[in-house]
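To keep things clear, I will list the structure first and then write my remarks on it.
The values are calculated or read from the model by the stated rules, or taken from the named source; none is laboratory data. Because the structure is a prediction, the values reported are computed rather than measured. When we count neighbours, we look across all protein chains shown, and the Cβ atoms used for this are built from the backbone with ideal geometry, even at glycine. Just the protein is used for accessible areas: all its heavy atoms, side chains included, with ligands, DNA and RNA removed. Shrake-Rupley method; radii C 1.70, N 1.55, O 1.52, S 1.80 Å.
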Amino acid sequence: MKICILTPRYPLPIKGGDSLRIINIAKHLKAQGHELILVSIYDKNCDQTEEAMKIFSQIHVVKRNPLVSAFFAFLYMLQGKPIQCGYYYSPKYLKAFKKIVEQTHPDLYISHLTRMCPYIEKLGLEQKTIVEMTDALSRMYGSSAKAKGGILKKAIYRIEKNLIARYEHHVVYRYPKIVLVSQEDIDYLERQEGHALPCLELHTNGVECKAETTSKYDNGKICFVGHMNTLQNEDAAIHFAKDIFPLIREKKPDARFYIIGGDPTLSVMALGKLDHITVTGFVDDLDNMLADTCLAVAPIRIAAGIQNKVLVAMSNAIPVILTPLIAKAIPELVSGENCLISEESHDFADQCVALMENEHGRNDIAIRGNEVVRRHYLWNRTLQGYESLPQSNV
């Protein structure tokens with residue numbers, strides 16, 4: 001098949017979970033023998049690297065105009081539509097997309113996130129489209145009020161919650177297949193509608209598993225990984241740095257906290273001025289950065305779906321301490337067996353210290369966590385059948 005993928009951000013280099021997921025979806029589809037066309041929006045630069053050319057037979061990009069984004073974001077809000085759909089709407093992109101459709105006649109379209117659906121709907125291509133919704137955003141936005149930092153983002157999330165909920169309702173009745181990464185989000189959307197939604201399909205996140213056993217590690221090194229301009233990651237980093245990490249250092253003064261991920265906000269950058277905290281920004285080789293890590297933390301309080309940061313850590317044989325909110329999305333997780341699950345700050349800190357001071361316990365959890373991803377979360381398993389539409393739509 002010839003498959004056209006629409007993305008709101010140029011996905012390479014990989015900077016966060018959304019780009020990690022769509023690139024692995026593309027790699028999977030390419031491996032199945034499909035021809036891929038990428039149509040993407042970019043902000044600053046989008047080098048069409050050798051890696052990109054190996055995946056996509058055609059790459060078309062349109063630069064985002066901040067003034068156009070602001071205008072359509074406001075217009076969409078006034079029309080009762082999601083701000084994010086307006087923010088990523090561009091007449092120039094629509095013109096380019098229409099030309100690609102007319103010239104190449106794709107067999108299938110993938111809208112990466114619901115924010116690209118307006119382009120599909122402008123050309124009436126819904127019945128040939130898979131919506132890569134990934135997460136039920138209305139569910140996540142509902143918990144944003146308690147977040148630290150990001151005052152403007154929190155305000156936008158509060159407005160956006162109802163707008164995106166309305167649009168999710170619209171999407172589930174207009175498209176033949178909508179993909180989510182957690183059963184929790186499927187259940188949530190079905191509860192909102194009051195009945196089962198056959199269009200919803202589960203394809204969880206995955207990893208490429210490299211580490212087979214634990215290696216030598218630095219028992220003072222704690223890492224948090226994520227795209228650092230999102231409210232949920234900003235909140236988690238600030239929460240850990242200010243509420244949990246000081247408690248760890250009371251018992252383990254040599255502990256160091258690394259915040260790893262691209263586009264850190266000003267609030268996150270400020271954490272780097274605190275003792276024993278390093279904000280790395282984007283790193284070219286994440287596996288190498290994590291190689292000597294004692295443990296990974298995911299104190300996420302605002303989230304939906306399966307967190308890539310958890311799977312990535314476990315794939316590198318690093319034990320993870322995470323909150324119940326995100327642990328629920330990975331049903332194979334058992335606290336004390338293949339991870340540690342904690343919420344309250346003092347208990348979270350105590351769990352960290354216990355792992356840092358117990359090499360045998362630390363390694364045992366790391367190995368069992370690695371086994372979980374090997375059995376259940378390799379990309380070639382989680383994406384099996386991704387490109388198939390319901391029979392009536394083929």
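Some observations on this one:
- Filter pass, Asp292 being farther than 20 Å from Gly206 by Cβ, charged (D, E, K, R), open to solvent by 10 Å² or more (accessible area, probe 1.4 Å) and touching a strand residue (DSSP E or B) at 6+ places or on another chain (Cβ under 6 Å): yes
- Residue within the range 33-46 that is open to solvent by less than 60 Å² (accessible area, probe 1.4 Å), under 20 Å from Glu208 (Cα atoms) and not β-branched (Val, Ile, Thr) present: no
- Test: residue in the range 72-84 that is among the polar types (S, T, N, Q) and under 25 Å from the mean Cα position of the chain (by Cα): yes
- Check on Ser144, at pLDDT below 95 and buried (at least 19 other Cβ atoms within 10 Å of the Cβ): yes
- Taking the criterion of being among the basic types (Lys, Arg) and under 14 Å from the mean Cα position of the chain (by Cα), the only residue of the range 307-337 that qualifies is Lys309.
- Breaking point among (1) touching a helix residue (DSSP H, G or I) at 6+ places or on another chain (Cβ under 8 Å); (2) modelled with pLDDT of 95 or more, for Gln351: (1)
- Hits in the range 17-30 - residues which are out of contact with any helix residue (DSSP H, G or I) (no Cβ under 8 Å at 6 or more places or on another chain), of a type outside the set (D, E, K, R) and open to solvent by 10 Å² or more (accessible area, probe 1.4 Å): Ser19
- Subset tally (residues that are touching a Pro at 6+ places or on another chain (Cβ under 8 Å) and at pLDDT below 95) for the range 50-82: 0
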